[in-house]
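All remarks here apply to the structure that follows.
Coordinate-derived values only; no laboratory data. Keep in mind it's a predicted model, so treat the numbers as computed, not measured. Cβ atoms come from the backbone with ideal geometry, glycine included; neighbour counts cover every protein chain shown.
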Amino acid sequence: MPSRLTPITVVALFAIGCSSSPAVDDPDAPPAELPDEFKDVEADATDEEDGDYVVQFRDRHIDLYPYVQGFPYSSLMPVLEAEYMLYFETTPDGMWLRHVELDADGDDVELTEGRLVNDVDWATRSFRRGIYNRHLDRFFFMGDEQNDEYFNVYSLDVDSGKMELHTDVDYIYGYGFSDDHRKMGYVVRQGESEPFNSCLHVRDLDSGDDQEIWCDEGGEDRLTWTAIDFSDDADSLVVRMQHDLDRNRTNIGRFDLNDPGPPQLLLERGLRHLTLSPVSDTYDGERLLFISAKRGINDFYRLDVEEGDFERITELEQDITFATILEKEDKPPLLLTLLTLPYGTIVEVRDPDDGELLWSELRSDRISLRDDHKGRAVFVNNGVANPFTMEFADLHLHEGFPSDADDESAVSLDVRQVASISEELAETLVQCEVERVEFPTFDEVDGETRMIHAYLYEPVDPPADDARLARVTAFYGGNNVFNFGHHIMCAAGITTFSPAPRGSRGFGAEFAALNDGDLGGDDIIDLFYAARWLEANLDLRPWQIGVYGGSHGGYATMRALTFPPETNERDESYDFGFGMSHAGISDLLHFYDTSNIPDWLVLLAGDPETEPDRLRERSPLTHVDRLGAPLLLTHGSQDRRVPVDESRRFFEAASEYGLPVVYEEFDGQGHGIVGLENRLRFYRATFDFLEDHVLPRVTDRN
């Protein structure tokens with residue numbers, strides 16, 4: 001029987017693509033749908049123009065102004081060492097970078113007082129992964145110039161607002177600085193399609209001298225998305241590597257910078273690690289701390305570089321989201337760790353030498369660590385019970401530490417809130433009641449039916465039963481984060497069911513790997529069971545239930561609407577009432593040839609060189625004639641992760657069959673949709689689609 005878990009008694013929100021600090025960069029994580037961070041500020045509804053912000057659906061007038069302009073700030077980037085914070089403000093004229101002073105010992109953060117840094121409209125460009133360089137006193141970041149993910153390394157003088165381009169290449173996998181910040185290591189990926197040739201470089205930031213250390217030439221051992229950690233003496237560095245174009249078959253490569261050439265592979269070649277990441281600031285040339293999910297759950301491992309031996313020093317029960325070294329005064333360094341659960345975050349302090357737990361606290365929010373310096377950290381939090389808070393966390397050490405480390409009070413984190421969303425704005429935004437649930441799917445684990453975690457968002461003001469609509473998140477759902485889109489839908493009387501189907505992270509490596517090689521198979525059947533749960537528990541009919549998602553979720557949406565029942569010989573299908581796909585993949589083979597992340601496809605679907613028929617069969621475009629429900633496609637014209645032709649071609653094929661597909665293309669946008677007018681247009685297109693193409697079918701069948 002379906003089971004409901006502990007209800008959440010407060011009304012709450014989610015944010016798609018909540019910005020967090022993962023142990024390893026995830027280049028194909030879903031983009032942010034709307035700003036997801038808030039400061040204590042009131043929305044002034046008198047500033048809006050009703051015609052610009054209000055959309056109509058049925059007999060409801062949904063005011064989008066509080067969601068897009070009530071608090072227009074996003075992407076908080078604190079720099080504790082330099083005592084400032086950068087962040088973005090979205091206005092009717094664009095998306096602007098702002099700067100505010102940061103006093104960790106002083107007053108709360110006042111984002112409304114931040115000054116404009118420069119005149120660059122970041123709605124037209126990407127901005128990613130910032131690192132402060134203390135030697136040059138500049139803020140480095142990865143970005144592009146046309147929302148097309150031709151990522152390069154730039155730096156910013158926050159006083160003048162002037163930016164400097166440091167690389168001019170096809171794509172940057174990652175970069176990092178030596179301990180004195182005088183050298184920059186970076187990985188360049190060259191080429192437009194497989195096989196790429198990726199090279200490691202080290203640049204002297206004073207002289208500009210650039211040294212090419214090694215190129216993989218598209219071979220079996222490759223450079224990939226990575227952080228870069230130099231040894232203390234800057235004579236060597238370590239990076240994450242990939243084998244055989246398999247994202248889960250990874251290694252740590254050590255490069256001798258005095259003798260450039262191929263890397264020393266520090267782990268056994270061929271081991272599978274869903275997660276593998278060196279912990280920053282732990283490589284001293286001889287030893288290294290790294291995270292691996294080799295056991296099935298992320299754990300910490302200590303590696304002796306010279307001997308090649310490593311040992312597991314923890315036995316955790318939840319996945320590590322982030323880990324960093326905190327150092328305070330002359331005390332030994334400690335390891336700050338965030339472990340993510342479906343309903344919260346465990347914050348831990350551990351001894352990095354033996355993994356001993358020194359302090360722990362369970363928080364109900366999803367917590368991301370944005371910066372740390374000299375024993376102090378900045379947390380940005382949200383969750384189904386909290387739209388946003390920002391906190392300063394100070395590492396507290398007892399006078400006798402570490403000799404009395406067994407004392408319960410020897411180590412702790414003293415946390416102080418410095419920013420939060422106002423109660424007035426929260427009351428305006430919150431339109432959903434949220435409940436955590438589990439539902440059964442089709443297979444068994446250890447003799448028991450597999451259960452899938454989900455969050456159910458129901459309108460505070462629901463419509464009549466025969467007028468109800470519900471949408472199922474196709475992928476990247478089930479997250480304990482604040483989501484604007486769900487509450488806009490609730491304001492319109494539409495329910496959202498957000499499950500975490502097989503392949504989702506946060507439930508261990510085995511669950512996350514269940515759809516490796518089976519993209520568009522059993523993971524889609526999980527969505528069918530989610531829809532059946534809605535039927536059974538909310539008394540809905542299939543034509544009232546839709547499926548939606550972006551990127552991978554966009555693919556899953558199209559796949560769910562065109563799914564052949566014979567897939568995996570399970571004879572499964574579901575007659576969804578509608579679908580909404582943003583930046584989805586329709587042709588897996590074409591995606592492999594044109595995307596900037598083709599290895600994602602190899603991991604999840606198979607090798608196009610050896611299994612083209614399988615990938616063709618798993619492509620929604622192959623089965624477009626099976627589409628029977630209205631479908632909305634949206635896509636950015638500059639998208640390079642999932643090129644825009646993926647939506648264009650599906651729309652053209654569906655149109656030839658006379659099928660009910662609506663297509664909206666966003667000129668100048670990349671994989672996500674940013675900028676005020678673009679977001680407003682996205683929601684207008686969504687509600688127009690539902691009003692014109694979905695409601696008439698529901699009315700006829702009811």
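For every helix of n ≥ 4 consecutive DSSP H residues, a contribution of -39,500 (n - 2.57) applies; sum these over the chain, divide by its total residues, and give [θ] at 222 nm rounded to the nearest 500 deg cm²/dmol. Result for the chain, helices only: -4000 deg cm²/dmol.
Relative to one another, the C-alpha centroids of the stretch 288-350 and the stretch 613-638 are positioned 41 Å apart.
Here the gap between Asp159 and Asp233, fully extended at 0.36 nm per residue and compared with their Cα-Cα distance, gives a gain of 23.5 nm.
Applied to the stretch 140-151, the Karplus parametrisation 6.51 cos²θ - 1.76 cosθ + 1.60 on θ = phi - 60° returns per-residue 3J(HN,Hα) values of 8, 7, 9, x, 10, 10, 9, 6, 10, 6, 7, 6 Hz, with x for Gly and Pro. A convex hull fitted around the alpha carbon atoms of the stretch 488-566 yields 120 Å³ per residue.
Reducing the stretch 118-144 and the stretch 528-581 to their Cα centroids gives an inter-centroid distance of 40 Å. Relative to the Cα centre, the charge distribution of the stretch 272-389, modelled as +1 at Lys and Arg Cβ and -1 at Asp and Glu Cβ, gives a dipole magnitude of about 700 debye. At most 11 other Cβ atoms within 10 Å and a DSSP loop assignment: could you name the GluC sites (Glu not before Pro) in the stretch 602-660 that fit? The qualifying sites are Glu609. For the peptides 364-372, 270-278, 321-329, 579-587, the ranking by packing is 579-587, 364-372, 270-278, 321-329, with the highest mean count of neighbouring Cβ atoms within 10 Å listed first. Dipole orientation for the stretch 201-254: of the candidates Cys215, His243, Phe230, His243 has the Cα lying most toward the positive pole (charges on Cβ; Lys, Arg +1; Asp, Glu -1). Panel note: the C-alpha atoms of the stretch 337-392, placed on their principal axes, show extents of 36, 25, 12 Å (largest first). Considering every pair of different Cα atoms, what Kirkwood radius, in Å, is found for the stretch 608-647? About 12.2 Å, per the Kirkwood formula over Cα pairs.
Restricting the stretch 399-490 to chymotrypsin sites (Phe, Trp or Tyr not before Pro) that sit in a DSSP loop and have at most 15 other Cβ atoms within 10 Å of their own Cβ leaves nothing. Taking a ≥ b ≥ c as the square roots of the Cα gyration tensor eigenvalues, with a/c under 1.5 meaning rounded and otherwise prolate when a/b beats b/c, else oblate, which class fits the stretch 363-462? It is oblate, given that a/c is not under 1.5 and a/b is not larger than b/c. Given R₀ = 30 Å, FRET efficiency for Glu444-Arg626 by Cβ-Cβ distance, to 0.05? Efficiency computed from Cβ-Cβ geometry: 0.55. Coordinate range of the alpha-carbon atoms in the chain per principal axis, descending: 73, 59, 53 Å. Each distinct pair of alpha carbons in the stretch 118-215 adds a 1/r term; the inverse of their mean, the Kirkwood radius, is 14.1 Å.
Diffusion of the stretch 556-639 by Stokes-Einstein, at 4 °C in a medium of 1.567 mPa s and with Rh set to the Kirkwood radius over alpha-carbon pairs, works out to 95 µm²/s. Computed over the stretch 433-480, the Cα gyration tensor eigenvalues convert (square root of 5λ each) into semi-axes of 26, 13, 10 Å, ordered from largest to smallest. Over the stretch 74-121, all Cα pairs binned in 10 Å intervals from 0 give whole-percent P(r) values of 27, 54, 16, 2, listed from short to long. Electrostatic tally near Leu690: other residues with Cβ closer than 12 Å to its Cβ, Lys and Arg +1, Asp and Glu -1, net +2. A Förster radius of 41 Å, combined with the Cβ-Cβ distance separating Arg287 from Glu220, puts the computed FRET efficiency at roughly 0.90. Comparing Phe507, Asn568, His552 along the charge dipole axis of the stretch 504-589, the residue lying farthest to the positive side is His552, per the Cβ-charge model. For the stretch 503-628, the calculated P(r) over all alpha carbon pairs, in 5 Å bins from 0 to the bin holding the longest distance, is 2, 11, 20, 24, 21, 14, 6, 2, 1, 0 percent. To the nearest whole percent, what portion of all C-alpha pairs in the stretch 72-174 is separated by more than 19 angstrom? The share of Cα pairs beyond 19 Å in the stretch 72-174 comes to 42 percent.
Relative to the current alpha-carbon distance between Glu566 and Asp256, full extension at 0.36 nm per residue lengthens the span by 106.3 nm.
Using only side-chain charges placed at the Cβ, +1 for Lys and Arg and -1 for Asp and Glu, the dipole size of the stretch 389-533 relative to its Cα centre rounds to 780 debye.
Projecting the Cα positions of Met390, Val472, Ser409 onto the charge dipole of the chain (unit charges on Cβ atoms of Lys, Arg, Asp and Glu, taken about the Cα centre) puts Val472 furthest along the positive direction.
Whole-Hz Karplus values for the stretch 94-99 come out as x, 10, 10, 8, 10, 10 Hz, taken residue by residue from phi with 6.51 cos²θ - 1.76 cosθ + 1.60 and θ = phi - 60°; glycine and proline positions read x. Classify the stretch 400-547: rounded, prolate or oblate, from the alpha-carbon gyration tensor (a ≥ b ≥ c, eigenvalue square roots; a/c under 1.5 rounded; otherwise prolate if a/b is larger than b/c)? Oblate shape, in that a/c is at least 1.5 and b/c is the bigger or equal ratio.
If you wrap the Cα atoms of the stretch 159-248 in a convex hull and average its projected area over all directions, you get 7.1 nm².
Modelled spin-label separation between Asp309 and Arg541, with each label point placed 7 Å from Cα along the Cα-to-Cβ direction: 7.0 nm.
A viscosity of 0.890 mPa s and a temperature of 25 °C, combined with the Kirkwood radius over Cα pairs in Stokes-Einstein, give a translational diffusion coefficient for the stretch 570-702 of 154 µm²/s.
Rounded to the nearest 20 Debye, what is the dipole magnitude of the chain about its Cα centre when Lys and Arg each give +1 and Asp and Glu each give -1 at the C-beta? The calculated dipole for the chain is roughly 2060 debye. Taking a Cβ cut-off of under 13 Å around Arg58, the surrounding Lys, Arg, Asp and Glu residues balance to a net charge of -4, with basic ones at +1 and acidic ones at -1. Computed from Cα atoms alone, the Kirkwood hydrodynamic radius reported for the stretch 181-329 is 16.0 Å. What the Cβ-Cβ distance of Gln264 and Asp700 gives, at R0 = 51 Å and to the nearest 0.05, is a FRET efficiency of 0.15.
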